[in-house]
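All of the numbers you see were taken from the coordinates with simple rules; none came from a lab. Everything numeric in this text was worked out from a predicted model, so none of it was measured.
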Amino acid sequence: MAVSRADEESEYTPAGMLAFVNAVAWISHREDHHPSLVVGYNSARVEYWTHAIGGLSENDFICAAKVDALFDL
């Protein structure tokens, strides 16, 4: 089980996608909680789950909400 969000037809340019990835990295570093991140030319998928407990933790939802806001920019 994981919390995930995918954007399969992003309107980001390649530079915009790189900025998105950097923003996700910044959030991940600040929260010390790192997602699975798959990036394509115009697509992105971000997935959070806590390996240590084999499921979802409160931090997964916090980080997912912060990244979710990036998708809506």
Before rounding to the nearest 500, sum -39500 (n - 2.57) across all DSSP H runs of length at least 4 in the chain and divide by the residue total; then give [θ] at 222 nm in deg cm²/dmol. -14500 deg cm²/dmol
On a 0 to 90 degree scale, rounded to 10, what angle separates helix 14-31 from the longest Cα axis of the chain? 20
Among VAL38, VAL24, VAL46, residue whose mean-square fluctuation peaks in a GNM of the chain (springs only between Cα atoms under 10 Å): VAL38
Expressed as an acute angle from 0 to 90° and rounded to the nearest 10, what is the orientation of the C-alpha long axis of helix 58-71 relative to the principal long axis of the chain? 10
Calculated over the chain: convex hull of Cα atoms, volume per residue (Å³): 74
